[in-house]
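Enquirer: Handing you a structure now.
Every number in this text was worked out from the coordinates using simple rules, so none of it is lab data. Here the structure is a predicted model, which means the values were calculated and not measured. Note that we place each Cβ from the backbone using ideal geometry, even for glycine, and neighbour counts take in every protein chain shown.
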Amino acid sequence: MVGSNGSSTVPASAPAARGRLGVRLATLALLVTALIGLWQAWGLERWSLDGPGPGLWPMVVASVCVALSLIVLVWPGRDSATEAGDTDSIDAQELGRTRSTFGLYCLALVVLALGSAFAGFVLTAFMVSILLVRFAERRSWASALTYGAAASVIGLVCFAWWLRVDLPTGPIERAFLSLVR
């Protein structure tokens, strides 16, 4: 509503109330989705004599999502507060960097899906790690290469060898598994 002098007569707390409602609705949507995931994972085998079953990881993820959504539902946080404690106002340059970072993470998901199908786990994990650490997080090349190598080797050893998870195979995975199995 507009008053006679052209100013708005909407109470100042109205945008804050809409913001809280949006947070509550998003949290409820996450809670419902997590509960559906938990319900679906409940019927899967979580552990067997061979190790973790197909339902272990979905059960863990859904349980964490249920717990987090309940926490946010009970304690939603202060209105318009960010991690640094400032307001939601952000300059155009920072907004551009945020959008490019989001775009790089979306690109990483595409690379992860296509790369694992054609190149195997190790090479894909290495490339995605470099993409995210170097370009999305703006770290040095040394950090990106070190993190990429560590993530792919740790993933290969922990999942393919110790837990015997069937990872997407490429020449690197086949060579490694022929040595350790």
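Enquirer: Using θ = phi - 60° and the Karplus curve 6.51 cos²θ - 1.76 cosθ + 1.60, what whole-Hz ³J(HN,Hα) does each residue of the stretch 34-41 get, with Gly and Pro shown as x?
Expert: Along the stretch 34-41, the couplings run 5, 5, 5, x, 5, 4, 5, 6 Hz.
Enquirer: Moving on to the next point. Can you give the FRET efficiency for residue 149 and residue 36, using 1/(1 + (r/R0)^6), R0 = 35 Å, r = Cβ-Cβ distance, to the nearest 0.05?
Expert: After rounding to 0.05, the efficiency reads 0.40.
Enquirer: Between residue 161 and residue 75, what FRET efficiency comes out of the Förster formula 1/(1 + (r/R0)^6) with R0 = 45 Å and r the beta carbon distance, rounded to 0.05?
Expert: According to the calculation, E is roughly 0.60.
Enquirer: In whole Hz, with x marking every Gly and Pro, tabulate ³J(HN,Hα) for the stretch 119-130 from phi via Karplus 6.51 cos²θ - 1.76 cosθ + 1.60, θ = phi - 60°.
Expert: Per residue, the Karplus-derived 3J(HN,Hα) values read 10, x, 6, 4, 5, 5, 4, 4, 5, 5, 4, 5 Hz.
Enquirer: Further question on the same structure: Among the trypsin sites (Lys or Arg not before Pro) within the stretch 102-151, which fall in a DSSP loop and have no more than 16 other Cβ atoms within 10 Å of their own Cβ?
Expert: Filter output for the stretch 102-151: 138, 139.
Enquirer: Residue-wise, which Karplus ³J(HN,Hα) couplings in Hz belong to the stretch 53-70, taking 6.51 cos²θ - 1.76 cosθ + 1.60, θ = phi - 60°, and x for glycine or proline?
Expert: Per-residue couplings from phi come out as x, x, x, 5, 5, x, 5, 5, 5, 5, 5, 5, 5, 4, 4, 5, 5, 5 Hz.
Enquirer: Which order results if 172, 90, 130 are arranged by neighbouring Cβ count within 10 Å, fewest first?
Expert: Lowest count first: 90, 172, 130.
Enquirer: Suppose every Lys and Arg Cβ carries +1 and every Asp and Glu Cβ carries -1, with no other charges. What dipole size does the stretch 115-180 come out with about its Cα centre, to the nearest 20 debye? Numbers along the way, then the final one.
Expert: Details: 5 positive and 3 negative charges, 32 e Å.
Around 160 debye, computed over the stretch 115-180.
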